[in-house]
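K.L.:
Before I ask anything, here is the structure I am working with.
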Amino acid sequence: MVDKQSYRDAMARLAAAVNIITTTGPGGTRGFTASAVCSVTDTPPTLLVCLNRNSDSNQALKDNGILCVNTLAAGHEDLSPVFAGMTGKEGEARFEHGTWTTLETGAAVLEGALASFDCRVTQTAEVGTHTVFFCEVEAVKTAPAKGLLYFARGYHQVG
């Protein structure tokens, strides 16, 4: 089996979009930065989000059953560390940064995001240290902007 550090070093070479995942409801209002997001199928429109089970957002997502995947534009790079927990901001205080609206589910939608996928969680699976959330997309919003990728442990603008 591959050791944890070798796996992480190899994954650092896999470029990924930077996303802020948001949720609100009976489990509380939470948001976190994630790169482990991908499309599952377009019929019905479904994507998946992976989240460490130790995250304070994990139970909130399970309790709320909704989320919004906000794919960051190049101008949003400063939001990533806020929602990654690197600035000491937690819970609703993270939403003091950025401009937020809502679509169908009530989860926070970032103004100017490259794409926002407003979703309802339909399934979960526990895999290793993470929960995989399968989410049907109820609404989308897009904006023209340069993209933001995370590659080799750093941010890079594309487009």
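The values are calculated or read from the model by the stated rules, or taken from the named source; none is laboratory data. These figures come from a predicted structure and were not determined experimentally. Virtual Cβ from ideal backbone geometry, glycine too; neighbours counted across all protein chains shown.
K.L.:
Can you find even one residue in the stretch 117-140 that is part of a helix (DSSP H, G or I), surrounded by 17 or more Cβ atoms within 10 Å (Cβ to Cβ) and modelled with pLDDT of 95 or more?
P.N.:
There is no residue in the stretch 117-140 that is part of a helix (DSSP H, G or I), surrounded by 17 or more Cβ atoms within 10 Å (Cβ to Cβ) and modelled with pLDDT of 95 or more.
K.L.:
Next up: Report, by residue number, each residue of the stretch 21-49 that is farther than 20 Å from residue 155 by Cβ and not β-branched (Val, Ile, Thr).
P.N.:
Scanning the stretch 21-49 gives 25, 26, 27, 28, 30, 39, 42, 44, 45, 47, 48.
K.L.:
If we scan the stretch 6-18, do we find a residue that is touching a residue at least 12 places away in the same chain (Cβ under 8 Å), of a type outside the set (Gly, Ala, Ser) and touching a strand residue (DSSP E or B) at 6+ places or on another chain (Cβ under 7 Å)?
P.N.:
Checking the stretch 6-18: at least one residue is touching a residue at least 12 places away in the same chain (Cβ under 8 Å), of a type outside the set (Gly, Ala, Ser) and touching a strand residue (DSSP E or B) at 6+ places or on another chain (Cβ under 7 Å).
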